[in-house]
Amino acid sequence: MANFNKIINRRGTGSLKWDVADNELPMWVADMDFPTAPCIKEAVLKKAKSGVFGYQIVPDEWYEAIINWWRTRHGLTIEKDWLCFTTGVVPAITSCVKRLTSVGDNVVVLTPVYNIFFNSIENSGRHVLGCPLCYDGEGYSIDFSDLESKISHPNSTFLIFCNPHNPVGKVWSKQEIERIGQLCKQYGVTVLSDEIHCDLTEPSVSYVPFASVSDVCKEISVTAISASKAFSTAGLQSAAVFVANEHLRNKVVRGLNSDEVAEPNSFACEATIAAFNEGGEWLDGLREHIAENRKLVDRFLLQHLPKLKLIKQDATYLLWIDVSKVTDDAASLCDFLREQTGLYVNSGNQYRGNGRHFIRLNVACPRQTLNDGLKRLKNGIKLFQKR
């Protein structure tokens, strides 16, 4: 079994996450502090030892690994023809926004949501049309009346759906997804479902692939997937999209190729094949470790920081913590925490919606690191309240 409590020193390695001052502890970007699964390391080393790094094709084994994983893990049958390699989920989203919408169109998102969605939309000359999720103090739900008003707008042509949802950790139900699909079909809106966090649910929880819910959902959607988040391989630039509808798929594939984000590097396919063919046991251990870290944080907040509340989450390793009883501006709190304690976490402001009342904490780390972060959080909140 993997040892998820082993400390790996990532300082000075060119890591985006760890490019910080010596006294700082980064618990922000969605990057795990664990080595990847041994099977992936072995596959990459085997390729490296060949010493040949020419242009790569996407082998049949890549398609088979993805198809088998989604069938056995998630109960969805994906056909080979539906799949296309891409270098990342974000490049795929940006390409789809550009190819499936027109300049000036509205792209609907459920906020608070992954902030890079906004970049993909606005940098392409489209408009973000936010549909705020309803927050009841415990968790989030969709205001379907508001969603319909946003989707039915004459300029709305596209919905980016985060499934499971980052940053709130929501695993959407079949009923919720089916209703979204019906509304989008009714008003001629195409859905892109970002399912990069799908393998990072709680051990007892399964996610529902958007395309699995109904023929309607399958026919109006593009789904973006990757092993990168669950297996800590973001730097290998490997992802995929699958699209059942042939007409829609042709547009997506043409866009990915035109944008030059449909060709693998020398290690991308090998890593994905190894992850989905051999990484299941490692992933199950990871999910158990993250679940325990989540429980530890919940207990710590209840005991030491009762004004902070960890909301109910069933997915991701990014905890969404309500700080509204301490401040109405999480950005100022996060700046203070970093300056005073060295703890570097995300403010919820950047995710829009009601994010200004939340911080996002990455707990994909060894227990020692997490304990250090929680101590810093405790000290920082006490100092913040004394100002």
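Structure notes:
- 5 angstrom amide H check on CYS131, placed H, neighbours 5+ away: VAL109, LEU110, THR111
- Loop-located chymotrypsin sites (Phe, Trp or Tyr not before Pro) in the stretch 326-387 (DSSP state other than H, G, I, E, B) with a sparse environment of at most 13 neighbouring Cβ atoms within 10 Å are absent.
- Restricting the stretch 287-366 to trypsin sites (Lys or Arg not before Pro) that sit in a DSSP loop and have at most 16 other Cβ atoms within 10 Å of their own Cβ leaves LYS307, LYS312, LYS325.
- Accessible area per residue, Å², the chain with all protein chains present, probe 1.4 Å: 43
- Cut-off 13 Å between beta-carbons: net charge of the residues surrounding SER258, Lys and Arg +1, Asp and Glu -1: +1
- Here is the list for the stretch 57-101: GluC sites (Glu not before Pro) lying in DSSP coil, each with at most 13 other C-beta atoms within 10 angstrom of its C-beta, are GLU79.
- A cut-off of 5 Å between modelled amide H atoms, ignoring neighbours fewer than 5 places along the same chain, links SER156 with ASN106.
- Those aspartates and glutamates that a straight Cα-Cα span of less than 12 Å connects to LYS47, excepting residues fewer than 8 apart in one chain: GLU270
- Nearest-20 debye value, the chain charge dipole, Cβ charges on Lys, Arg, Asp, Glu: 1080
- Under 13 Å from LYS150, Cα to Cα: aspartates and glutamates that are on another chain or at least 8 residues apart: ASP105
- For the stretch 64-69, backbone phi angles converted through the Karplus equation (6.51, -1.76, 1.60; θ = phi - 60°) give residue-by-residue couplings of 5, 4, 5, 4, 5, 5 Hz, Gly and Pro being listed as x.
- A Förster radius of 25 Å combined with the Cβ-Cβ distance from ASP335 to ARG10 puts the calculated FRET efficiency at roughly 0.60.
- Whole-Hz couplings from phi, Karplus 6.51/-1.76/1.60, listed for the stretch 184-193; x for Gly and Pro: 5, 4, 4, 9, x, 9, 8, 10, 10, 9
- Cα shape, the stretch 20-164, gyration tensor, a/c 1.5 rule: prolate
- Once backbone amide H atoms are built at 1.01 Å from N, VAL222 has VAL191, LEU192, SER193 as its partners under 5 Å, excluding neighbours fewer than 5 places away on the same chain.
- Sulfur and carbon atoms: percent of accessible area, the chain [1.4 Å]: 46
- Sum of side-chain charges, VAL216 neighbourhood, beta-carbon under 15 Å (Lys, Arg +1; Asp, Glu -1): 0
- The stretch 226-254 and the stretch 76-100 have their alpha-carbon centroids 4 Å apart.
- Multiplying the residue separation of LYS375 and LYS312 by 0.36 nm and removing their Cα-Cα distance gives an extension gain of 20.5 nm.
- Ellipticity estimate at 222 nm from DSSP helix runs (n ≥ 4, -39,500 (n - 2.57)) divided over the chain, nearest 500: -12500 deg cm²/dmol
- LEU296-ASP215 pseudo-label distance in nm [points 7 Å out on the Cα-to-Cβ vector]: 5.0
- Summed residue charge, Cβ within 14 Å of ALA330's Cβ, Lys/Arg positive, Asp/Glu negative: +3
- Each residue of the stretch 132-142 is assigned a 3J(HN,Hα), and the resulting list reads x, 5, 7, 10, 9, x, 10, x, 10, 8, 9 Hz, derived from the Karplus form 6.51 cos²θ - 1.76 cosθ + 1.60 (θ = phi - 60°), x at Gly and Pro.
- Nearby lysines by direct alpha-carbon distance to LYS49 (threshold 24 angstrom, same-chain neighbours under 8 apart not counted): LYS41
The values are calculated or read from the model by the stated rules, or taken from the named source; none is laboratory data. Being a predicted model, the structure only gives us computed values, none of them experimental. Heads up, the Cβs are rebuilt from the backbone with ideal geometry, glycines too, and the neighbour counts pull from every protein chain shown. To get the accessible areas, we keep the full protein, side chains included, count just its heavy atoms, and leave off ligands, DNA and RNA. Shrake-Rupley method; radii C 1.70, N 1.55, O 1.52, S 1.80 Å.
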